[in-house]
Amino acid sequence: MKHKIIVTGGCGYIGSHTVIALIENNYDVVIIDDLSNSSDQILNRISKITSKRPTFEKVDLKDIQATNQVFEKHKNADAVIHFAAHKAVGESVQQPIKYYQNNLYTLINTLAAMAKHHINKFIFSSSATVYGIPQTLPITENNQTQRPFSPYGNTKKIAEEIIEDVVRSNTKMLAISLRYFNPIGAHESGWIGELPSGTPNNLMPFITQTAAGLREKLMVFGNDYPTKDGTPIRDYIHVVDLAEAHALALKRLLDRKVENSFEVFNIGTGEGYSVLEIIKAFESISGVVLKYEITERRAGDVPQLYADINLAKEKLGWTAKRGLKEMISSSWKWEENLRKNKNQLY
Ligand SMILES: NC(=O)c1ccc[n+]([C@@H]2O[C@H](COP(=O)([O-])OP(=O)(O)OC[C@H]3O[C@@H](n4cnc5c(N)ncnc54)[C@H](O)[C@@H]3O)[C@@H](O)[C@H]2O)c1
């Protein structure tokens, strides 16, 4: 019998790549998404890539009744991977309530519905933002978490605390939190990728949109950080590698191989690249010269963040297989496809 996995936010950027990895690993997938930051056209893309169409339920997980109903319908699910959240850091500073409501209600309603229907394996999308300004580099999971600068980041820290409490109260519940570093890239087909609405928060869509002529120039926020070239250093991770980490974390839960009922893993490459290094690499891979401007530092940006990935390697058997070249070329292929097929995509 195939395991049935509920993927909340499965129409989004990381969720859709993970759904593909799950289908490729022979799981039955049910996506729950309210399409607030995605489109159901992604389902056609997933079936084009995998020859399998996942079950789709359009539900706003802030709505507790609707959440219970959809879990009742799929109460034979074996596990839940929870991606559904708002993710725009800047918007969360402007509209904190929107972020606390969406990111925490969706989590609490999902955990409550899981408890009601005796579904007790859970994977959570966390973020390196929970480390705040790291005390040591590379960052191990033992680094104490700190209150993140943004309300968005704080929802991730609070969410981890909620999950820990829920796991502690229910002896059957097992949870894994994956702390992503900086996901970039797209599926090699070029059919799915990141589609930021409005001005992107993250570097790579900003770069590809500038290269595509959708933005006049790229802003580089500060070049006076204590790093090799003065620009911030981040640990970029290919979204397909990240998706594979979810499949391995899921297997660990289903095989009951966990050593603690709540486990946390960093998911990055362990290698840091500066903003200027990414710009240069993009120019050399795409052949497009980027117009950019150095501006003031952005509040809340830390100089360097890169992961110690030994725990994921040892316990999940996971390491990133794709390097910077694949990350950049797949992002660019996706952006070019978006421009070519604008009307057919979303
Ligand atoms: N992309 C990143 O850089 C990054 C980094 C660290 C962590 N994360 C986390 O990973 C997860 C996925 O991120 P992403 O980049 O794929 O984002 P995304 O916006 O592309 O995907 C999130 C999906 O959740 C859905 N959603 C939002 N609120 C919902 C609700 N109330 N009910 C049902 N569905 C809802 C959206 O429609 C969207 O399809 C998020 O939890 C995000 O915070 C992302």
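The values are calculated or read from the model by the stated rules, or taken from the named source; none is laboratory data. Here the structure is a predicted model, which is why all the values come from computation and not from measurement. Cβ atoms come from the backbone with ideal geometry, glycine included; neighbour counts cover every protein chain shown. Each accessible area value is taken on the protein alone, full model and side chains, heavy atoms only, with ligands, DNA and RNA left out. Shrake-Rupley method; radii C 1.70, N 1.55, O 1.52, S 1.80 Å.
So the values come out like this:
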{"quantity": "Residue that is farther than 25 Å from LEU248 by Cα, more than 11 Å from the ligand (Cβ to nearest atom) and surrounded by fewer than 21 Cβ atoms within 10 Å (Cβ to Cβ), where the choices are ARG147, ARG168", "calculated": "ARG147"}
{"quantity": "Test result for ILE176, at pLDDT 95 or above and assigned to a strand (DSSP E or B)", "calculated": "yes"}
{"quantity": "Residue check for LEU242: hydrophobic (A, V, I, L, M, F, W, C) and either part of a loop (DSSP other than H, G, I, E, B) or surrounded by fewer than 23 Cβ atoms within 10 Å (Cβ to Cβ) (or both)", "calculated": "no"}
{"quantity": "Conditions (1) open to solvent by 10 Å² or more (accessible area, probe 1.4 Å); (2) closer than 26 Å to LEU203 by Cβ: number failed by ALA159", "calculated": "(1)"}
{"quantity": "Segment 167-178 residues that are in contact (Cβ under 8 Å) with a residue 12 or more places away in the chain, paired with ones that are open to solvent by less than 10 Å² (accessible area, probe 1.4 Å) and part of a loop (DSSP other than H, G, I, E, B) (beta carbon under 6 Å, 6 or more apart)", "calculated": "VAL167/MET173"}
{"quantity": "Counted residues, segment 70-96 - those being within 22 Å of TYR13 (Cβ to Cβ), more than 14 Å from the ligand (Cβ to nearest atom) and open to solvent by 30 Å² or more (accessible area, probe 1.4 Å)", "calculated": "2"}
{"quantity": "Flag for THR67 being within 14 Å of the ligand (Cβ to nearest atom), within 17 Å of ALA249 (Cα to Cα) and buried (at least 16 other Cβ atoms within 10 Å of the Cβ)", "calculated": "no"}
{"quantity": "Number of the exception - TYR99 against (1) in contact with a strand residue (DSSP E or B) (Cβ under 9 Å, 6 or more places away or on another chain); (2) within 12 Å of the ligand (Cβ to nearest atom); (3) aromatic (Phe, Trp, Tyr)", "calculated": "(1)"}
